[in-house]
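Every number here is computed from the coordinates shown, using simple stated rules; none is lab data. Note that the coordinates shown come from a computational prediction; the quantities given were computed from them, not determined experimentally. Here the Cβ positions follow ideal geometry from the backbone for every residue, glycine too, while neighbour counts run over all protein chains shown.
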Amino acid sequence: MTKKRALITGITGQDGSYLAEYLLGLGYEVHGIVRRVALEDQKHRLWRLQDVIGKIKFHYGSLESYPSIFKIFQEVRPHECYHLAAQSFVSYSFEDEFSTFNSNINGTHFVLSSIKNACPECRFYFAASSEMFGKVEEVPQKETTRFHPRSVYGISKVAGYDLTRNYRGAYNIFAVSGILFNHESPRRGFEFVTRKITSAAARIKLGLQDKLQLGNLEASRDWGHSKEYVKAMHLMLKQNKPEDFVIGTGKTHTVREFADKAFGLLGLDYKKHIEVDKHLFRPSEVELLVADPSRAKKKLGWKYTMTFDQLVEDMVKHDYDYFSNKKGAT
Ligand code: F7E
């Protein structure tokens, strides 16, 4: 029997790496689109894939070029495509809003159009985001909650969501959006607030740094673990009908609570180490996000199983070991 082929954009990122491992475990042939520089500098760019690197088929491509993407779809003819690649750091979208807008919207459009023209049977998953809810119009947020994005990043995700819905309606493509709330892990980039906190707490404990500068401590997020969220992506492509789903834990915590927990796990008092830096506040903030994931539970059978404490512990433990080894090595 021929293996199912999955093509992942953004395979080198946190979600891409967990998804690749998960799909390989299910017996898929996994393909990933990467930039040439990634394959030239595997140690730094492909570290998240280190356990499965030999099992993945990589393809050079740029999401800024339609011909380069189209060629890959023509060659691979995937059964499923997970479009995870994006400029995903919200703060950066305030600094360079044009490149975030162009690359996120065009990238999604190029992928959808390639599917339409090269392999219309391919099922498509779009990584939409709770940032689309922005200045939330109801609490908790569900599939029917109106979008009110507060950043160019959020606007680019609304456009991607609309493109996905349009290709579904106009061309009959099995195209869905997963509206994922914040999801973290030890593989999260250091610029995001959770990893910024857990890495700093570990380094402070080890005497490698003393202070941590943060922005808005009162922002509240629904934080889950990436490893569990990638399973929901796969489930969405296994449905009989293409539909969009909200994925989150249903619980919300402030940045302050996250910091308190992370520092506390190492016997530290966050108040002694954290300094609030006004420059790290966003020009327009998303104050509160909390998901209502009941539809995903009912229709996909997806249920989040970890607690907030377990997520923070997983990240803190990892970072403490990671920086202990680094310290030992110098
Ligand atoms: O910020 C506040 C900041 O950058 C979380 C992305 O994956 O999830 C992520 O977007 C909150 C915000 O993630 C700092 O103002 C305070 O309120 O970790 P973050 P995000 O912006 O929520 C969504 C679902 C996505 O789709 C995105 O791609 O924390 N905050 N002080 C800070 N944030 C950062 N980064 N750094 C600080 O120093």
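On a full-extension model of 0.36 nm per residue, what is the gain between Gln239 and Tyr60, subtracting their alpha-carbon distance, rounded to one decimal in nm?
Working: separation 179, 0.36 × 179 = 64.44 nm, distance 3.04 nm.
Working it through step by step, the gained length comes to 61.4 nm.
Determine the dipole magnitude for the stretch 43-90: charges of +1 sit on the beta-carbon of Lys and Arg, -1 on that of Asp and Glu, nothing else is charged, the reference point is the Cα centre, and the result goes in debye to the nearest 20. Don't jump to the answer; show the numbers that get you there.
On the way: 7 positive and 4 negative charges, 40 e Å.
Charge dipole, the stretch 43-90, about its Cα centre: 200 debye, nearest 20.
Which distance in Å, rounded to a whole number, links the C-alpha centroids of the stretch 1-23 and the stretch 199-244?
Here the answer is 19 Å between Cα centres.
Arrange the following residues from fewest to most other Cβ atoms within 10 Å of their Cβ: Met1, Met306, Met233.
Details: Met1 4, Met306 14, Met233 26.
In order of increasing Cβ crowding within 10 Å: Met1, Met306, Met233.
Among Ser65, Ser93, Gly54, which residue has its Cα furthest toward the positive end of the charge dipole of the stretch 25-112, with +1 on Lys/Arg Cβ and -1 on Asp/Glu Cβ?
So the residue furthest toward the plus end is Gly54.
So if R0 is 25 Å, what FRET efficiency would Lys317 and Leu24 give, r being the distance between their Cβ atoms, rounded to the nearest 0.05? It would help to have the intermediate numbers written out before the result.
Values: r = 25 Å, r/R0 = 1.01.
For Lys317 and Leu24, the calculated efficiency is 0.50.
If amide hydrogens are placed 1.01 Å from N in the peptide plane, which non-local residues have theirs closer than 5 Å to the one on Ala291?
The list, which skips near neighbours in sequence, is Gln141, Thr249, Gly250, Lys251.
Only sites in a loop by DSSP and with at most 14 other Cβ atoms within 10 Å count here; which GluC sites (Glu not before Pro) in the stretch 150-220 make the cut? Walk me through the numbers on the way to the answer.
Numbers: sites: Glu184, Glu191, Glu218; in loops: Glu191, Glu218.
Taking the stretch 150-220 and a limit of 14 other Cβ atoms within 10 Å, the loop GluC sites (Glu not before Pro) found are Glu191, Glu218.
Give, as a single signed number, the net charge of other residues whose beta carbon lies under 14 Å from the beta carbon of Arg123, with Lys and Arg counted +1 and Asp and Glu -1.
Working: positive: Lys4, Arg5, Arg77, Lys116, Arg168, Lys238, Lys241; negative: Glu80, Glu121, Glu243, Asp244.
Here the charged neighbours net out to +3.
Each residue of the stretch 299-314 in order: what ³J(HN,Hα) in whole Hz does its phi give by Karplus 6.51 cos²θ - 1.76 cosθ + 1.60, θ = phi - 60°, with x for Gly and Pro?
Values per residue, Gly and Pro as x: 8, 8, x, 8, 9, 6, 10, 8, 9, 4, 4, 5, 5, 5, 4, 4 Hz.
Dipole size in debye (nearest 20) for the stretch 222-330 around its Cα centre, Lys and Arg Cβ +1, Asp and Glu Cβ -1?
Details: 19 positive and 17 negative charges, 98 e Å.
With Lys and Arg at +1 and Asp and Glu at -1, about 480 debye.
As a footprinting exposure proxy, order Trp223, Trp302, Trp47 by other Cβ within 10 Å, with the fewest listed first.
Numbers: Trp223 23, Trp302 20, Trp47 12.
Placing the least packed residue first, the sequence is Trp47, Trp302, Trp223.
What's the center-to-center distance, using Cα atoms, between the stretch 71-125 and the stretch 285-330 in Å?
26 Å
Working out 0.36 nm times the residue gap between Val276 and Asp96, then minus their Cα-Cα distance, what length gain in nm do you get to one decimal? Walk me through the intermediate numbers first.
Working: separation 180, 0.36 × 180 = 64.80 nm, distance 2.35 nm.
Once the chain is fully extended between Val276 and Asp96, it gains 62.4 nm.
If the chain between Gln213 and Leu266 were fully stretched, how many nm would it gain, using 0.36 nm times the residue separation less the Cα-Cα distance? Could you put the intermediate results ahead of the total?
Working: separation 53, 0.36 × 53 = 19.08 nm, distance 1.84 nm.
Fully extending the segment from Gln213 to Leu266 adds 17.2 nm.
Only counting other Cβ atoms within 10 Å, I'd like Glu137, Glu97 sorted with the fewest neighbours first. Let's see the in-between values first.
Working: Glu137 11, Glu97 15.
Least to most surrounded, the residues fall as Glu137, Glu97.
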